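S.K.: Just dropping this structure here.
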Amino acid sequence: MGDRIGVLVVDDSRLFRAALEQVLGGQPDMRVVGSVFNGAKAMEFIRKSPPQVVTLDVEMPGMDGVATLEQIMAFNAGRPAGETVGVIMVSAVTRRGADVTVRALERGAFDFVTKPSGPSPDANLAALRDDLLPRIRACARLRPGMRTTAVAPRATPPPPPRAGARRKAAPDIIAIGASTGGPRALSEVLPGLCASTRLPIVVVQHMPPGFTQSLAESLARQARQPVVEGIDGMPLSAARVFIAPGGRHMLVRGTAAAPSIGLSDGPPENGCRPSADVLFRSVAAAFGGGVLAIILTGMGNDGTVGLGAVRRGGGYVIAQDEASSVVWGMPGCAVQAGVVDDIRPVTEIASAAAAISQGPTA
C-alpha cells in the first residue's frame with residue numbers, strides 16, 4: 001500500500017473525474033488520494049497532503065490549469081527531491097486547450113494527455129488508460145528535482161565525446177529531436193539559435209495532432225523568427241524554423257541545393273509519429289556532412305538510429321545532458337550508442353551550436 005503512486009485528480013467535470021478515478025482505481029501500483037473540482041481546492045489539498053502526481057485539467061473556471069501549475073511549481077521550489085509534486089495536464093483538443101497546454105509544458109508540466117471524445121465510452125476509457133498510465137508512472141519516477149536516468153545502465157560507459165573534435169565544415173542545417181520536457185527545452189534553445197544563425201532549423205517534438213500549431217506560435221514569439229508547421233513541398237528556407245505537424249512524420253527531401261519539407265503518414269517508428277529518426281535520416285541523406293543535430297530531453301530511444309546516420313555522413317551531434325533533462329532517455333540512449341560528439345546543459349546548447357555553425361576552429 002505505502003509504495004503505491006498517490007494521484008490527485010483535478011477537473012471541473014464530475015463525469016470526467018469519475019472516468020479518471022475508474023482508470024486509476026484498477027491499478028495495483030496507484031491510488032487516488034483525492035478528487036477536486038478546481039485549482040483552489042487542489043492547492044488546499046496539496047499543501048496539506050502532497051500527492052506524487054496531479055492530473056490537472058487545462059481549462060477550469062477561476063484559476064485555470066496554468067495558474068494552478070504555477071502555484072504547484074512554487075510549492076515545489078526548495079522541497080527535497082522525492083517530495084515534489086509532478087503534474088500531467090489533461091487537455092481537450094481545442095485551439096484554446098492546445099494554447100494553454102503548450103504554456104503549461106513550457107512552465108514545467110511533465111507531460112499531457114488529451115481527453116478522448118469518441119462515440120464509445122469503453123473505447124474512450126481504454127484510450128485514456130493507454131495514454132495516461134505510463135505517463136503517471138514515469139512522472140512519479142521523474143518528478144521535479146529527481147533527475148533519474150531512463151536509460152538502462154551498461155557495464156562500460158562510452159568515453160566522453162570531444163567537443164569540436166569532428167568538425168570539418170560549417171553546417172547547412174540544424175535538426176532537433178525532443179519529447180517529454182521538449183517544449184520547455186525548445187523555449188530555452190531556439191531563441192539563442194535564431195539570434196546567432198540564419199540556418200534553417202527542422203524540429204520533431206513528439207505531439208499528437210492539434211497541438212503543434214500552438215507550439216510553433218509560442219516559440220515564434222520567443223525566438224522572434226518565423227516558426228511554422230511543416231507543409232508538404234514547402235521550400236526549406238533560411239532563417240526559419242519548421243516543426244513536424246502532430247501525428248505526421250516530417251522529413252527533408254531533395255538535395256542541399258534545393259531542399260524541401262516532406263510529410264508522411266507512414267507507420268510510427270519507436271512508437272512515435274512524428275519520429276526524430278525519420279527526420280535525422282532524411283537530413284543526413286540530403287545534406288551529408290552539413291548537418292548539426294541536437295537531441296533533447298525525452299522518454300525512449302527515438303533519434304539514436306538517425307543520429308548514427310548523421311555521424312556516418314560527417315555531421316555533428318549535440319546531446320542535452322542528464323542534469324538538465326526532464327527525462328534522459330533519448331539523449332542518454334544516443335550517448336550510450338556512441339553517436340554524440342558533445343554533451344551540454346540545455347542553457348549551453350545554443351551557444352555551442354552557434355560556435356559550430358561558424359565552422360571549424362583553426
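The values are calculated or read from the model by the stated rules, or taken from the named source; none is laboratory data. None of the values given here were measured: they were computed from a predicted structure. As a convention, Cβ positions derive from the backbone with ideal geometry for all residues, glycine included, and neighbour counts pool all protein chains shown.
S.K.: Which is modelled with pLDDT of 95 or more and surrounded by fewer than 20 Cβ atoms within 10 Å (Cβ to Cβ), of Pro235, Pro160, Pro171, Pro200?
M.R.: Being modelled with pLDDT of 95 or more and surrounded by fewer than 20 Cβ atoms within 10 Å (Cβ to Cβ) holds for just one of Pro235, Pro160, Pro171, Pro200, which is Pro235.
S.K.: Moving on. For the range 67-91, which residues satisfy the criterion of being exposed (fewer than 12 other Cβ atoms within 10 Å of the Cβ) and under 17 Å from Lys41 (Cα atoms)?
M.R.: If the condition is that a residue be exposed (fewer than 12 other Cβ atoms within 10 Å of the Cβ) and under 17 Å from Lys41 (Cα atoms), then Ala74 is the only one that fits.
S.K.: Still on this structure: Across the range 328-348, what is the total count of residues that are outside any loop (DSSP other than H, G, I, E, B), of a type in the set (Val, Ile, Thr) and more than 24 Å from Pro191 (Cβ to Cβ)?
M.R.: Counting residues in the range 328-348 that are outside any loop (DSSP other than H, G, I, E, B), of a type in the set (Val, Ile, Thr) and more than 24 Å from Pro191 (Cβ to Cβ) gives 1.
S.K.: Show the residue pairs meeting these rules: Cβ distance below 8 Å; 6+ apart or different chains; first residue within the range 278-294 and closer than 14 Å to Met330 by Cβ; second residue of a type in the set (Phe, Trp, Tyr).
M.R.: Ala293/Phe280; Ala293/Tyr316
S.K.: What tally of residues in the range 203-219 results from selecting those that are touching a strand residue (DSSP E or B) at 6+ places or on another chain (Cβ under 9 Å), buried (at least 18 other Cβ atoms within 10 Å of the Cβ) and outside any loop (DSSP other than H, G, I, E, B)?
M.R.: 9
S.K.: Out of Ser351, Ser325, I need the residue that is out of contact with any strand residue (DSSP E or B) (no Cβ under 6 Å at 6 or more places or on another chain), outside any loop (DSSP other than H, G, I, E, B) and assigned by TED's automatic domain parsing to the domain that holds Ser275. Which one?
M.R.: That would be Ser351, the only listed residue that is out of contact with any strand residue (DSSP E or B) (no Cβ under 6 Å at 6 or more places or on another chain), outside any loop (DSSP other than H, G, I, E, B) and assigned by TED's automatic domain parsing to the domain that holds Ser275.
S.K.: For the range 220-232, which residues satisfy the criterion of being part of a helix (DSSP H, G or I) and either surrounded by 14 or more Cβ atoms within 10 Å (Cβ to Cβ) or under 13 Å from the mean Cα position of the chain (by Cα) (or both)?
M.R.: Matches in the range 220-232: Ala220, Gln222, Ala223.
S.K.: Within the range 338-362, how many residues are among the small types (Gly, Ala, Ser) and either surrounded by 24 or more Cβ atoms within 10 Å (Cβ to Cβ) or over 22 Å from Gly290 (Cβ atoms) (or both)?
M.R.: So the answer is 1.
S.K.: Across the range 263-298, what is the number of residues that are among the small types (Gly, Ala, Ser) and surrounded by fewer than 21 Cβ atoms within 10 Å (Cβ to Cβ)?
M.R.: 7
S.K.: When you look at Ala284, is it at pLDDT below 95, touching a helix residue (DSSP H, G or I) at 6+ places or on another chain (Cβ under 6 Å) and either not in a helix (DSSP H, G or I) or not polar (S, T, N, Q) (or both), yes or no?
M.R.: So Ala284 fails the test.
S.K.: To continue, here is another question. Looking at Pro50, is it touching an Asp or Glu at 6+ places or on another chain (Cβ under 9 Å) and surrounded by fewer than 24 Cβ atoms within 10 Å (Cβ to Cβ)?
M.R.: Here the answer is yes, as Pro50 does meet what is asked.
S.K.: In the set Ala81, Ala109, Ala104, which member is touching a strand residue (DSSP E or B) at 6+ places or on another chain (Cβ under 7 Å), touching a residue at least 12 places away in the same chain (Cβ under 8 Å) and in a loop (DSSP other than H, G, I, E, B)?
M.R.: Ala109 is the lone residue from the list that is touching a strand residue (DSSP E or B) at 6+ places or on another chain (Cβ under 7 Å), touching a residue at least 12 places away in the same chain (Cβ under 8 Å) and in a loop (DSSP other than H, G, I, E, B).
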